[in-house]
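Here's the structure we're looking at; comments come further down.
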2 protein chains.
Amino acid sequence: MNTRQLKHFIALLDNPSLSAAAEEVHLSQPAFSRSIRALEEQLNVPLFTRSDRRLRPTPYALAWEATARRIVMNENEGKRHLQMMQSGKSGRVALGMGSSLMDELICPLLDKLLRDLPEVQINFSVDTSAPLLNLLRTRQIDFFVGDASIARYQQDLVVESLFTCGFAWYASSQHPLAKTTDIDIAMIKAWPMVIAAGYFDPAVVEHMESLYDLHSGLYQHFRVMSNDFQLVRHLLDSSDAILAATDISMIRAVETGKVVKLHVSPPLALTLTLGILRLADCELPPVCERVMDSIRQCFKHTEIRRAQLPNQ
Amino acid sequence: MNTRQLKHFIALLDNPSLSAAAEEVHLSQPAFSRSIRALEEQLNVPLFTRSDRRLRPTPYALAWEATARRIVMNENEGKRHLQMMQSGKSGRVALGMGSSLMDELICPLLDKLLRDLPEVQINFSVDTSAPLLNLLRTRQIDFFVGDASIARYQQDLVVESLFTCGFAWYASSQHPLAKTTDIDIAMIKAWPMVIAAGYFDPAVVEHMESLYDLHSGLYQHFRVMSNDFQLVRHLLDSSDAILAATDISMIRAVETGKVVKLHVSPPLALTLTLGILRLADCELPPVCERVMDSIRQCFKHTEIRRAQLPNQ
DNA sequence: CACGATTACGGATATCGTAACAATA
DNA sequence: TATTGTTACGATATCCGTAATCGTG
């Protein structure tokens, strides 16, 4: 069964004569006539009466009409959907990133996607790098945004570095140390230190330990750790906690004046490069490229806003 | 777009390997491979990744799968419907007959059709011959059951004669004349005469007028005429009316003892042949043949029951 | 004869099966 | 080497357009 035949059949129902229908589908009259006959033979029913020189549909034709129109409509609709997928305007994308990117990436990205790609289905996993890596390897997500250095130890990944962020100590603007200009590590340690413990590059951990003499395991020195950034962020508002975090995670809080960056010496002279991590052997559909484009735009916008921060 | 390709595509999704799918659709492996490639080229999207020697569906394939299955299902369903129509088990039939056939034909026919042809849609017009003839000519009904002699004056009709019925005078079993064995026309005229006035063959009218000296127009001598037989039938139960009617219309009423046939002399020695009337140039679908078969069976059954009537 | 539909026929395209080939465990 | 999928190639089938034919007003 050929959908071309079905289109001919439908054209014949919609036109007063065979020749008019043939012209509509850009076919010669004999070819069109043969096409209809072939359909009749394939279906094994007479679709048109040819008693007089006028073709008139039989009850079979009227019954088959619904089927033919449905099939042709399905085909067109399906092709349209594929084109949408091809142009990235439709499809499904599964991605992930850490909760520390909530303000600067997750929220603006979702706003943008909901506005720009209304027919795209989004599956958003907010988690730390280790679970996201697992989701990536089991093909449950297409890519995730995380520490680009992960790719150094995972040969099956490819990374596109997008944003280099610094580290710093943060506290509430109401904190006793907020106005202090010369803070050393002993003063920091007098307050509850908190951290959002996702993946950390071993080199980062080592550097941090030596910088502040935090031996016998870095994490043991923190009072609160969580995989959820919103939780440790909350502690800054409700307590005297001091948070070690990336600058990108605190840009909005600093902008609104609720949180300040502490002037600690020696400063937390570390960098973390964020990037898009994906499997090397896996080709992603266009919709993923579209979403990654949006992520790049978000990072550029964040870059500008970080540069405008007064306390940088 | 060919549904054969779509079946190949579906088979490939349903089977672990290309060769298994090729076997399922009874095709050689190379031909099957080419069929899939052709579909990919027609749709202009990669449906399967061929990185390793294993074919794995792309997101495009998963999106197209729904379309392909819908199209194939529609085709199968549509073909099945045509086959049902061809065997007469499905379709639409529009027919008509007079209300005097209610007991002996309309009711048992409908019972039979509802039981035997559950997928057939029935459009039943109950009317006299003249309107039915009009419906027939405007193709609003496929055929009707009526006086076969109509075809003598209507050359565009063909008739299949099925049942020859007699005429007689009827009255309620409670009627004063019910027990009278020798009734003449003067005694009949003393009571209100009623008749269901559908089409009557001019020869019948003429004969009836001469038989009972009912000149200056036959119908003027009747107190009640109606195109609805149930109405005049009702008068027999509720009044002293006397009804001139065909025997077939009264079989059930006589069987149940509510109505009796009057012994009038001279008797109403007329016959009316009922038959199936249809247009000569119009070929009817199989479902009509099925329904006409049922009508023939009903008439046969009525023939037997009429023969068993005591007062015949 | 005019008009609409159907064959007649040569050429182009598609599709098939067998066979040969490439790639991977 | 066995398995799986892809080309190579010749044969067949299908489909198209031009031209001729048929059947009615």
> So which residues in region B:54-69 are farther than 15 Å from B:Lys7 by Cα, hydrophobic (A, V, I, L, M, F, W, C) and within 51 Å of the chain's Cα centre (by Cα), if there are any at all?
Replying inline: B:Ala63
> When you look at B:Ile295, is it buried (at least 19 other Cβ atoms within 10 Å of the Cβ) and assigned by TED's automatic domain parsing to the domain that holds B:Leu135, yes or no?
Replying inline: yes
>> Among the residues in region B:279-288, are any in contact with a Gly (Cβ under 7 Å, 6 or more places away or on another chain), crowded, with 20+ Cβ neighbours inside 10 Å and not aliphatic (A, V, I, L, M)?
In response: yes
> in contact with a Phe, Trp or Tyr (Cβ under 7 Å, 6 or more places away or on another chain), at pLDDT 90 or above and part of a helix (DSSP H, G or I), is that true of A:Ala63?
Replying inline: no
> Within region A:2-10, is there a residue that is within 13 Å of another protein chain (Cβ to nearest Cβ), within 9 Å of DNA strand C (Cβ to nearest atom), within 46 Å of the chain's Cα centre (by Cα) and under 29 Å from B:Met84 (Cβ atoms)?
Replying inline: yes
>> Just to verify a result, which residue in region B:1-16, among those that are outside any helix (DSSP H, G or I) and surrounded by 13 or more Cβ atoms within 10 Å (Cβ to Cβ), is farthest from DNA strand D (Cβ to nearest atom)?
In response: B:Met1
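What about A:Val158, is it among the β-branched types (Val, Ile, Thr) and buried (at least 20 other Cβ atoms within 10 Å of the Cβ)? Outline the logic, then answer.
On the way: among the β-branched types (Val, Ile, Thr): yes; buried (at least 20 other Cβ atoms within 10 Å of the Cβ): no.
In short, no.
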> Which one of these is surrounded by fewer than 13 Cβ atoms within 10 Å (Cβ to Cβ), within 30 Å of A:Leu243 (Cα to Cα) and charged (D, E, K, R): A:Asp127, A:Asp111?
Replying inline: A:Asp111
> B:Pro286 is checked against (1) more than 30 Å from B:Gly88 (Cβ to Cβ); (2) within 22 Å of the chain's Cα centre (by Cα) and fails just one. What number does that condition carry?
Replying inline: (1)
> Which of the residues that make up region A:301-312 are loosely packed, with under 12 Cβ neighbours inside 10 Å and in a helix (DSSP H, G or I)?
Replying inline: A:Ile304, A:Ala307
>> Can you tell me which of (1) free of Cβ contacts under 8 Å to residues at least 60 places away in the same chain; (2) under 28 Å from A:Ala61 (Cα atoms); (3) of a type in the set (A, V, I, L, M, F, W, C) is the one B:Leu12 doesn't meet?
In response: (2)
>> Restricting to region A:64-89, name every residue that is of a type in the set (Gly, Ala, Ser) and either at the interface with chain B (Cβ under 8 Å from one of its Cβ atoms) or within 30 Å of A:Gln42 (Cβ to Cβ) (or both).
In response: A:Ala66, A:Ala68, A:Gly78
> Which residues, taken from region B:17-60, are away from DNA strand D (no atom under 11 Å from the Cβ), within 11 Å of chain A (Cβ to nearest Cβ) and among the hydrophobic types (A, V, I, L, M, F, W, C)?
Replying inline: B:Leu43, B:Val45
> Considering region A:212-229 alone, what residues qualify as being of a type outside the set (Ser, Thr, Tyr) and either exposed (fewer than 13 other Cβ atoms within 10 Å of the Cβ) or without any contact (Cβ under 8 Å) to a residue 40 or more places away in the chain (or both)?
Replying inline: A:Asp213, A:Leu214, A:His215, A:Gly217, A:Leu218, A:Gln220, A:His221, A:Phe222, A:Arg223, A:Val224, A:Met225
> Considering region A:272-283 alone, what residues qualify as being of a type in the set (A, V, I, L, M, F, W, C) and modelled with pLDDT of 90 or more?
Replying inline: A:Leu272, A:Leu274, A:Ile276, A:Leu277, A:Leu279
> Taking region A:65-76, which residues are without any contact (Cβ under 8 Å) to a residue 12 or more places away in the chain and either buried (at least 17 other Cβ atoms within 10 Å of the Cβ) or touching a helix residue (DSSP H, G or I) at 6+ places or on another chain (Cβ under 7 Å) (or both)?
Replying inline: A:Thr67, A:Arg70, A:Asn74
>> Cβ-Cβ under 9 Å, sequence separation 6+ or interchain: first residue in region B:241-264 and part of a strand (DSSP E or B), partner acidic (Asp, Glu) and crowded, with 20+ Cβ neighbours inside 10 Å. Which pairs?
In response: B:Lys261/B:Asp247
> From the set of residues in region B:25-53 that are in contact (Cβ under 8 Å) with a residue 24 or more places away in the chain and either in a helix (DSSP H, G or I) or within 10 Å of DNA strand C (Cβ to nearest atom) (or both), which is farthest from B:Met1 (Cα to Cα)?
Replying inline: B:Phe32
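Here is a yes/no grid of residues against (1) at negative phi; (2) surrounded by 20 or more Cβ atoms within 10 Å (Cβ to Cβ):
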| site | (1), (2) |
| --- | --- |
| B:His26 | no, no |
| B:Phe32 | yes, yes |
| B:Pro46 | yes, no |
| B:Tyr60 | yes, yes |
> Right, B:Val126: in contact with a helix residue (DSSP H, G or I) (Cβ under 6 Å, 6 or more places away or on another chain) and either over 20 Å from B:Arg233 (Cα atoms) or acidic (Asp, Glu) (or both) or not?
Replying inline: no
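Answer yes if at least one residue in region A:92-106 is assigned to a helix (DSSP H, G or I) and either surrounded by fewer than 16 Cβ atoms within 10 Å (Cβ to Cβ) or within 14 Å of chain B (Cβ to nearest Cβ) (or both), and no otherwise.
Checked region A:92-106: no residue is assigned to a helix (DSSP H, G or I) and either surrounded by fewer than 16 Cβ atoms within 10 Å (Cβ to Cβ) or within 14 Å of chain B (Cβ to nearest Cβ) (or both).
The values are calculated or read from the model by the stated rules, or taken from the named source; none is laboratory data. If you're wondering where the values come from, they're calculated on a predicted model, not measured in any experiment. When we count neighbours, we look across all protein chains shown, and the Cβ atoms used for this are built from the backbone with ideal geometry, even at glycine.
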